[in-house]
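Colleague: Sharing a structure below in C-alpha cells format, with a few things to ask.
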Amino acid sequence: MELSEHIKTANVEDVTLRRPFHPALRGTLCVTSHHLLFSDRKDEASWQLLILLKNIDAIEKRAVGSSGTITIKCKDLLVLQLEIPGMEECLNIASSIEALSSLESVTEMYPFFYRPSHLTLNGPWGLSSTEQYYKQTERLWDRWRVSTLNSDYSVCPSYPSAVIMPREVDDDKLIRSARFRQGGRFPVLSYCHHRNGMVIMRSSQPLTGANKKRCKEDELLLQAVIDGSELGYIIDLRSAQQAQQARMTGGGFESKSFYSHWKRIHRHHERGKVVQESLIKLVEACSDPSHSVDRWLSKLENSKWLSHVHSALSTAGLVVECVERDGHSVLVHGSEGTDNTLLVSSLAQLILDPASRTVTGFLCLLEREWIQAGHPFQQRCAHSAYSHARLKQECPIFLLLLDCVWQVWRQFPLALEFSEALLLRLAQEVYASNYGTFLCNSEQERCAAGVKENTHCLFQSLLRPDIEEQYLNPLYEPTDLAIWPSVHPQSLQLWTGLFLRWTEYAQNMEEAREEVWSIVKEHHEQAGPDRTNNTLSTHCDTLTPFENLMDELTIL
Amino acid sequence: MEHIRMPKVEHVRLVDRSSSRRTQVGTLYLTATHTIFVGKGSEDRNDLWVLHSLVCNVVKHKASQSGYPLLIICKNFQVIRFIIPQESDCHDVYISLSRLSRPEKYEELYCFSFNPNVDKAEREHSWDFLDLKAEYSRMGLPNKLWHVNPINREYRVCDTYPADLFVPKSVTLPVIVGSSKFRSRGRFPTLSYYCKENHATICRSSQPLSGFSARCLEDEQMLQAIMKSNPGSRFMYVVDTRPKLNAMANRAAGKGYENEDNYCNIKFQFIGIENIHVMRNSQQKLIEVSALHSPSMGEFLTGLENSDWLRHIKSIMEAGLFISKAVAEEGVSVLVHCSDGWDRTAQVCSVASVLLDPYYRTLKGLMVLIEKDWVSFGHMFSHRCGHLIGEAKEVSPVIDQFLECVWQLMEQFPCAFEYNEKFLISIHIHIYSCHYGNFICNSQKERKDLCIKEKAHSVWLHLWEKKLDFMNPLFKPDQSQNQGLLRPSTAPYCFKYWRRLYNRFDRELHPRQSELDCLMTVKEETQKLEEELALYEQVKCQIFNFHLHKVFLFNFSDHVFSAYTSLANTPQDYIGGAPNVFTLQQGERESAELCLFGDQTKSSDADNSDQESGVADFSSHSSGEESLPSEDSVKDPDSDETGPNRA
C-alpha cells in the first residue's frame, strides 16, 4: 500500500492551532506522507509549523458540534490542539496521522526521502569506526587487535563488524565465548583509559544456566584482558538475587571459582518497562501545573525517574573509581548488554575521558557505544510518554543517558564543549528524525536496509560549522581531570530543559542562556583576535524551542 | 569570661560531616566570643572560628572508641563535629558552650564587643547608609494624599511600630488612635508600599479586635480613607494571610477579622499561610532531611514532601503574587494583616514588593526593603531568631522564608535580579549571627532604648562594600520582562530545594565549577579591557605603550579562564551503605589524590577566592589539607569578617 493511500483529506482550511503560551492561530492544515504542516497564511510573513508524523506519540479526537478537535501529543513532549471544521475532515486527518505515524517498515520512513540540497549521499557515513578508534588509541596497539570475525554479523548479530580484542585470544576462542554469552555479545573493548591503559569491557550475561556451565574460552578471554597479574572488576547491573534468578532461564554470572582474578560487584538497575513507566509518570506529573507541591513531590518520587538517574550516575562513578583511582580494568554487563550496559559504560567514559566531552568526541562516543554497539533504537524509541499503545520493547534508556549527561553538565558547567541544546536536539532526534542515524536496531539491520546509502547522517550534519555553533557551551574550558559527579539526591535535579520544555519556565532560562553568550562574546570582542580561536564564535543565535522544530525544514 | 571552664583543649579531632575519614587533629580554644579550632600542622592556617551567637545547640553524643563526640549545631545549618579525648574536657567544653551560646542579656551579644577598628564617624556613617525617608521619597511620598504622621514619634500609640508612619492625609489623630485601639498591639493600618504609577498602596496592620460582633467606627474610617487615597479605585482588598480556621478561632479571644458588611467597599480574602509554630516544625523536618547521611532519592523526596516546607513557600509566594497583581494590574490598594502583623504580613508585603518594584531586585533595594518591612516594622528578630535564651516557641524561620521566596524567584528569573544567592545567604547569616546591630531586639523602640546605633555597627554598609561578590552577572535591568511586575509561575515544579542554604557546608554536594563566578570574572575582565583600551587610545601615539598593552592583553586573557578550570576533584561515595571492596584501600587513595592534584592546588589562589565558589574550596579539599567549614562563621574580631584563612 502506498503511503499516500492513507491520506483521505490532504488539506483543510480554517484550522485553529493552539499551543502552550502562544495565541491561537488560524491557517491551513496539510497532511503529507511524513509530515503535518500548518501554515498561517494571513500575515505577509507566513508562519509554518512542520511536524514529522513520526514525532506524534498519541492523538485524541473530540467532536464539538460539527467540528472536531484533535489533540496531538508529540514524542518531544509538545502538546498541540487543532480545531478542524467538519467532522469528516477531522476523522480523516486523525486516521491518516494514526496510520502514518506508526510505520513499521524502515525504508518507508522519512530519512529515506529526506534530500536537502546542501547534503549529498555520496561520501563516508558516520564519524567513527572501531578501526579508527583503534588507530587513535596508541595504548591499544601493543596488546590489542581489531578482529573482523563478525564481518558478516554471524557471530553476534547486534555487534558491529569489527571489535577490539586482546591479541593473544584468537578468533576461534572468541566464537566460543560468543556462544556462551546471551545474544552472542562476548566481552569487547569499549574504552581504554589514556592515563593508565586500563580498559572498560562490555558484554551480555554468561549463559551459565542452572547447572553452572562454564566456558574455558570465555575465561581465557577475560584473563587476557587483565593480562594475568592484576585484578579486574565485573560490574553486574543486576542485584545478586536477580543474577541468581537469571540462571533459571539459562543466564547467569561469572562465578568466583572460574574467574578468580575478577571481583564481581552487583548494582541493581531497573530496566525495560519499569523505566518506560517512570517516564510516563514523570511526564504526567509535569503536565499538571495545578498540583499542590506535596502532590508534585510525591508524583516525582513515585515516578522513580531521578532514582534511575541516581543509579546510572553512581554505577558509572563506581566504574570510574575502579579504572582511574584503583587502576583496574572493568567488565560491565547486565542481561542483554544492550541497554544499561551501554548507559554505564558511556557515562563512565564521559566522566573519565576529556576527549568525549567535545562535541565531536561526544557524538563519536554515542556512535560507537550506542549505534554501532547495537542499542535497539527502533524498539526502544517506538513510543514515548504519551502513547496509549500497548508497550512492547519501549524503554527510554537513551533519554536517561542524556539526562545523566545534563546532570554532569550542571555540576561541571565549564567541562563540556557542548551545551544543553545539543542534548535536547538529540532527545528529539532519537524519536523522530530526518536522518538515518537512529534507525534500526543494529548495524546488521542498517546494512540490510541500506541506511548508509540512502539516508543522511545526523552526527555529520550536527558537526557542520554553522550548525555546530548552536550547540556549543560558551564557557567551555577543557580539563584533563576526571569529572566525578555528585550523586547525592540534593545534587540531582529535574531536567527542566527537557521535561518543562514547553512551559513558561523554559522561556526565562532561554533569556539567561542568551545573556551568557553575550557576556562571553563581549569579552572576546574586547580581548581581540588572540582568543577567538577559542570555542566561541562571533555570531550565534540561540534556538527558540519552535525554531528547533522547524530546524532544517525542507519545502515540500 | 566567667563562663569558660576550659579555655583550651588539645588533640581534638574535627570530623567532616559527610565522611568520617576526613578528620583533622588540632587544638580547640574557647574565647568570650568564639570557639576556635586550629588544625595542627596546617600551613595555610585554615582555622575554624565559630561565633557563640551563631550556635543553635550543643549536643554530647555517646562516647566512641576515639573519644567523646561533641556536636555544635549552628543557626546557619552548619554542624560541627568534634571528638574530644577526655570526658571531663568534653563536659567542660559542653557546659561552657551551652552557656556561652545562650546569652541572657543583649549586652552579651557579639555586636557589642565587635570592634572593626573604625572611628565614630565611620560607625555613624554605616548607620546612615540606608535612609528610609529617602526610600519613601523614592516611592513618591509624601504627596498630596499621604504624609508622615508624627503621632508615634514617642512610640506611644504603638511601641512595635517605627516612629515615622505614613497615613492618608485625610485621617485625623482621633481616627488613628481609635483604630489602633481596635487592633492587636495597637498596630493600626499604615502604609508599606506606594505605587507611583497608579496610586495603589500596600498597607499593613494587625488583626482587628472584632470578636464576634465588635465594630470600631474609627477603624472603618481608616480603611475608607486608605481606599479613597487611591482615587482610581472603587474598592480595596483586605487580605488576611491566616488560614480561615485560625482567624475564626481568634474571634473567640476577642480578635478576628474584618466583617465585609461593616466596612465600605472592601473585598475580604483569606490566604492560608500557616503560623510560626507550623513553620518552625516544618523547617526542623527540612533540616533533618538535608542532614540525612546518603539518603536514597526516594527518602530525600519523601522527606522533602513530608516537611511541607515548599508548600509553605508556595503559599507565601501566592499571597505575594495576589497582592502584587491587585496593585499593578487592577490598581487596587490592599490592606494585609495576620494576627500581630509582624510575621506573615512582613513576608507577604515584602514578597509583593519584590514582585512589583524592580528596585527591590537590586542590592540596595533589597537592603532597604528588609530595613523597612522587617526591621522598622517590628519583626521580632530577637524572638524569632532566638538571639537570647528565652521562649523556644517564639523561634520561627519567618525571615528565612522571605529570603527563600526571593531565591525561588531568582531561580525562575535568572536575569531579573542584580544580586546573587550569596547575597541572600550573607544576609541570612548576619540576621542570626548578632555580629552587627541591625537585627538585635524586637522593635525600633527597643533598639533605641539600647542605644544600638551608638554601641554597634550596621551591616548594610559592610555588605555594600563587598558588593562585587554579590553581583549577578546575568542581570539585565533594561530587558522589558525584568521591568515592572514579575509574574512567577506557581506551578509546583517551580519550587525547588535550596541546596546552597541547607547544605551549604557539604561541599561535595555542590557543582564543582561555578558558572556564576566564571561569568563574573569574564565580565570584570571585559570591563578592565575596555578601560585598558580607553587608556590605550589616549596614548597610542607612543609606540612603547602600544607594545606594553599588547603584552598585557595577552596575559590577562589567558589567566581568566584558567582560574576556573583548576578543579581538582575526588570521586563521590558511589558505594552507598553497601559493603564494598574498597574499604581497605582508603589510605592509598588519599595519597593518590595528593599527588594527582597537589600541583593544582598551588595554582588556584584558594586564599583569595570566596569560599562560596566551590572551585577554590575544592582544590584545598583534595590537597589533603582538610579544608574546614570556615565560611562566614569564621570571624576574626580584629579584622572584621576576614578570617585568618582569608587574609
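Colleague: What share of the DSSP beta bridges in the protein assembly as shown is antiparallel, in percent to the nearest 5? Write out the running numbers ahead of the final one.
Modeller: On the way: 82 of 108 bridges.
The antiparallel fraction comes to roughly 75 percent.
Colleague: Contour minus end-to-end for B:Ser480 and B:Ser113, with contour as 0.36 nm per residue of separation and end-to-end as the Cα-Cα distance? Could the numbers behind the result be given before it?
Modeller: Working: separation 367, 0.36 × 367 = 132.12 nm, distance 4.71 nm.
Contour length minus Cα-Cα distance gives 127.4 nm.
Colleague: For the pairing of chain B with chain A, what total accessible surface becomes buried, with a 1.4 angstrom probe, in square angstrom to the nearest 100?
Modeller: Its buried surface, counting both partners, is about 6700 Å².
Colleague: Continuing with this model, one more query. Suppose we keep just the alpha-carbon trace of the stretch A:78-179; what are its Rg and Dmax in angstrom?
Modeller: 23.6, 72
Colleague: Something else: Restricting things to alpha carbons, tell me how big the stretch B:121-519 is in terms of Rg and Dmax, in Å.
Modeller: Rg, Dmax (Cα atoms, Å): 20.6, 62.
Colleague: Another question about this same structure. Hey, with R₀ at 30 Å, roughly what FRET efficiency would B:Phe268 and B:Lys169 work out to, going by the Cβ-Cβ distance, to 0.05? List each step's numbers first, then the result.
Modeller: Details: r = 26 Å, r/R0 = 0.85.
In this case the efficiency is close to 0.70.
Colleague: Once neighbouring chains are kept in place and the probe is 1.4 Å, which whole percent of the accessible area of the stretch B:8-102 is contributed by carbon and sulfur?
Modeller: Details: 1890 of 3910 Å².
Looking at the stretch B:8-102 in its full context, I get 48 percent from C and S.
Colleague: Starting from the Cα of A:Arg179, step 7 Å along the direction of its Cβ; do the same at B:Lys181; then give the gap between the two resulting points in nm.
Modeller: 10.5
Colleague: Right, something else. Keeping all protein chains in place and using 1.4 angstrom, which order do B:Leu335, B:Leu533 fall into by accessible surface area, from largest down?
Modeller: Values: B:Leu335 0, B:Leu533 65 Å².
Order by accessible area, largest first: B:Leu533, B:Leu335.
Colleague: Which ³J(HN,Hα) values, rounded to whole Hz and listed in residue order, are derived for the stretch A:359-364 from phi using the Karplus coefficients 6.51, -1.76 and 1.60 in 6.51 cos²θ - 1.76 cosθ + 1.60 with θ = phi - 60°, glycine and proline given as x?
Modeller: 4, 4, x, 5, 5, 4
Colleague: Given charges of +1 on the Cβ of Lys and Arg and -1 on the Cβ of Asp and Glu, with all other atoms neutral, how large is the dipole of the stretch B:121-519 about its Cα centre, in debye to the nearest 20? Before the final figure, lay out each step's value.
Modeller: Values: 48 positive and 46 negative charges, 123 e Å.
Taking the Cα centre of the stretch B:121-519 as origin, the dipole is about 580 debye.
Colleague: Then there is this: On a C-alpha basis, how far is the centre of the stretch A:319-391 from the centre of the stretch B:234-264 in Å? Whole number, if you could?
Modeller: 60
Colleague: Give me the percent of the accessible area of the stretch A:130-499 that comes from carbon and sulfur atoms, probe 1.4 Å, all protein chains in place. Mind dumping the intermediate values first?
Modeller: Working: 5600 of 11620 Å².
Result for the stretch A:130-499: 48 percent of the exposed heavy-atom area is carbon or sulfur.
Colleague: Hey, another quick one. Can you tell me the mean projection area, over all orientations, of the convex hull of the stretch B:65-131's alpha carbons? Units nm², please.
Modeller: Numbers: hull surface 28.7 nm².
Computing the convex hull of the Cα atoms and averaging its projections yields 7.2 nm².
Colleague: In addition: Run through the DSSP bridge list for the stretch B:121-519 and note the antiparallel percent, rounded to the nearest 5. Write out the running numbers ahead of the final one.
Modeller: Values: 10 of 23 bridges.
Of all bridge pairs located within the stretch B:121-519, approximately 45 percent are antiparallel.
Colleague: Measuring from a point 7 Å past the Cα of B:Glu330 along Cα-to-C-beta, which residues in the stretch B:205-240 have an amide N at less than 15 Å?
Modeller: Answer for this model: B:227-228, B:230, B:232-240.
Colleague: Hey, rough spin-label estimate for B:His147 and A:Glu522, points 7 angstrom out along Cα→Cβ, what's it come to in nanometres?
Modeller: 4.6
Colleague: Follow-up. Taking θ as phi - 60°, what are the ³J(HN,Hα) couplings along the stretch A:151-167 by the Karplus curve (6.51, -1.76, 1.60), each to the nearest whole Hz, with x for Gly and Pro?
Modeller: These are the phi-based 3J(HN,Hα) values: 4, 9, 6, 8, 6, 9, x, 9, 8, x, 5, 10, 9, 9, 10, x, 4 Hz.
Colleague: On a 1.4 Å probe surface of the protein chains, which of A:Arg185, B:Arg311 comes out largest in accessible area, and what is the full order? Walk me through the intermediate numbers first.
Modeller: Numbers: A:Arg185 5, B:Arg311 85 Å².
Largest accessible area first, the list is B:Arg311, A:Arg185.
Colleague: Calculate what fraction, in whole %, of the accessible area of the stretch B:121-519 sits on carbon and sulfur atoms when a 1.4 Å probe is rolled over the protein chains. List each step's numbers first, then the result.
Modeller: Details: 6810 of 13310 Å².
Solvent-exposed carbon and sulfur of the stretch B:121-519 make up 51 percent of the total.
Colleague: With every protein chain left in place and a probe of 1.4 Å, what is the accessible surface of B:Asp357, to the nearest 10 Å²?
Modeller: 20
Colleague: Please work out the ratio of the alpha-carbon Rg of chain A to 2.2 N^0.38 Å and round it to two decimals. Kindly include the intermediate steps, with their values, before the conclusion.
Modeller: Values: Rg = 24.4 Å, N = 556, 2.2 N^0.38 = 24.3 Å.
Cα Rg divided by the expected 2.2 N^0.38 Å: 1.00.
Colleague: Given the C-alpha centroids of the stretch B:109-143 and the stretch A:451-483, what is the distance between them in whole angstrom?
Modeller: 54
Colleague: Which number comes out as Rg/Rh for the stretch B:8-102 once both Rg and the Kirkwood Rh are worked out on C-alpha atoms?
Modeller: Values: Rg = 12.2 Å, Rh = 13.2 Å.
Across the stretch B:8-102, the Cα-based Rg/Rh ratio is 0.92.
Colleague: How far is the Cα center of the stretch B:188-220 from the Cα center of the stretch A:163-194, in Å?
Modeller: Value for the Cα centre distance between the two parts: 80 Å.
Colleague: Of the peptides A:2-11, B:249-258, B:115-124, A:163-172, how do they stack up when ordered by the mean number of other Cβ atoms within 10 Å, highest first? Don't jump to the answer; show the numbers that get you there.
Modeller: Numbers: A:2-11: 14.3, B:249-258: 16.7, B:115-124: 12.0, A:163-172: 18.2.
Descending packing order for the listed peptides: A:163-172, B:249-258, A:2-11, B:115-124.
Colleague: Go ahead and run the numbers for FRET between A:Arg195 and A:His268, Cβ-Cβ distance against an R0 of 41 Å, rounding to 0.05. Could you put the intermediate results ahead of the total?
Modeller: Numbers: r = 30 Å, r/R0 = 0.72.
It comes out at approximately 0.85.
Colleague: Still on this model: Using the Cα atoms as the points, what is the convex hull volume per residue of the stretch B:99-174 in Å³? Working shown, then result.
Modeller: Details: hull volume 11.3 nm³, N = 76.
Considering the Cα atoms of the stretch B:99-174, their hull volume per residue is 149 Å³.
Colleague: Out of residues 5 or more away from B:Arg187 or on other chains, whose amide H comes under 5 Å of its own, with H placed 1.01 Å from N in the peptide plane?
Modeller: For B:Arg187, the qualifying residues are B:Ser206.
Colleague: Could you work out, residue by residue across A:286-297, how many beta carbons of other chains sit within 10 Å of that residue's beta carbon, and then give the average as an integer? Please list the in-between numbers first.
Modeller: Details: counts 3, 0, 3, 6, 3, 3, 5, 16, 9, 3, 9, 14.
The shielding value for this peptide is 6.
Colleague: Sticking with this structure for a sec: I'd like the orientation of helix A:305-320 relative to chain A: the angle between its Cα long axis and the longest Cα principal axis, in ° from 0 to 90, rounded to 10.
Modeller: 30
Colleague: Also, quick follow-up: In the stretch A:130-499, what % of DSSP beta bridges are antiparallel (nearest 5)?
Modeller: So the antiparallel bridges in the stretch A:130-499 amount to around 45 percent.
Colleague: Per-residue mean of other chain beta-carbon atoms within 10 angstrom of the beta-carbon, peptide B:530-536? Please list the in-between numbers first.
Modeller: Working: counts 3, 0, 1, 2, 0, 0, 0.
That works out to 1 on average.
Colleague: Probe of 1.4 angstrom, ligands and nucleic acids ignored: what's the accessible area per residue over the protein assembly as shown, in square angstrom?
Modeller: On the way: 45520 Å² over 1203 residues.
Ligands and nucleic acids excluded, the figure is 38 Å² per residue.
Colleague: Continuing with this model, one more query. Full extension from A:His388 to A:Gln132: what is 0.36 nm times the residue separation minus their Cα-Cα distance, to one decimal in nm?
Modeller: Numbers: separation 256, 0.36 × 256 = 92.16 nm, distance 4.27 nm.
Residue separation times 0.36 nm, minus the Cα-Cα distance, leaves 87.9 nm.
Colleague: Follow-up question, since we're still on this one. Given Cβ point charges of +1 (Lys, Arg) and -1 (Asp, Glu) and nothing else, what value in debye, to the nearest 20, does the dipole of the stretch A:351-434 about its Cα centre take?
Modeller: On the way: 7 positive and 8 negative charges, 51 e Å.
Computed about the Cα centre, the dipole is about 240 debye.
Colleague: What FRET efficiency comes out for B:Arg138 versus B:Glu87 if R0 is 51 angstrom and r is the Cβ-Cβ distance? Round to the nearest 0.05. Working shown, then result.
Modeller: Working: r = 60 Å, r/R0 = 1.17.
Efficiency at R0 = 51 Å is approximately 0.30.
Colleague: 7 Å from Cα along Cα→Cβ at both A:Gln507 and B:Val59: what's the point-to-point distance in nm?
Modeller: 4.6
Colleague: Still on this structure, I have one more. What Kirkwood radius, in Å to one decimal, follows from the Cα pairs of the stretch A:3-103?
Modeller: Working: mean 1/r = 0.0747 Å⁻¹.
Mean inverse Cα-Cα distance, inverted, gives 13.4 Å.
Colleague: A follow-up question, please. How well do other chains shield peptide A:507-513, expressed as the mean number of their Cβ atoms within 10 Å of each residue Cβ?
Modeller: For peptide A:507-513, the averaged partner shielding equals 5.
Colleague: Using modelled amide H (1.01 Å from N, peptide plane; none on Pro or chain starts), what sits under 5 Å from the amide H of B:Phe268, excluding residues fewer than 5 places away?
Modeller: Answer set, sorted by chain and number: B:Val238.
Colleague: Hey, how much of the P(r) for the protein assembly as shown falls beyond 44 Å, as a percent of Cα pairs? If you can, show how the numbers build up before the last one.
Modeller: Numbers: 337091 of 723003 pairs.
Percentage above 44 Å: 47.
Colleague: Could you tell me the largest-minus-smallest coordinate of the C-alpha atoms of the stretch B:177-256 on each of the three principal axes, in descending order and whole angstroms?
Modeller: So the extents along the principal axes, rounded to whole Å, are 41, 27, 21.
Colleague: If you count, for each residue, the other Cβ atoms within 10 Å and average over each peptide, how do B:189-195, A:468-474 line up from highest to lowest?
Modeller: Working: B:189-195: 24.7, A:468-474: 20.9.
So the peptides B:189-195, A:468-474, ranked by packing, come out B:189-195, A:468-474.
Colleague: Which order do the peptides A:429-439, B:496-506 come out in when sorted by mean C-beta neighbours inside 10 angstrom, highest first? Please report the intermediate quantities before stating the final value.
Modeller: Numbers: A:429-439: 23.9, B:496-506: 20.3.
In descending order of packing, they fall as A:429-439, B:496-506.
The values are calculated or read from the model by the stated rules, or taken from the named source; none is laboratory data. Quick caveat: nothing in here was measured; it's all calculated off a predicted structure. Heads up, the Cβs are rebuilt from the backbone with ideal geometry, glycines too, and the neighbour counts pull from every protein chain shown. Accessible surface areas use protein heavy atoms only, side chains included; no ligands, DNA or RNA. Shrake-Rupley method; radii C 1.70, N 1.55, O 1.52, S 1.80 Å.
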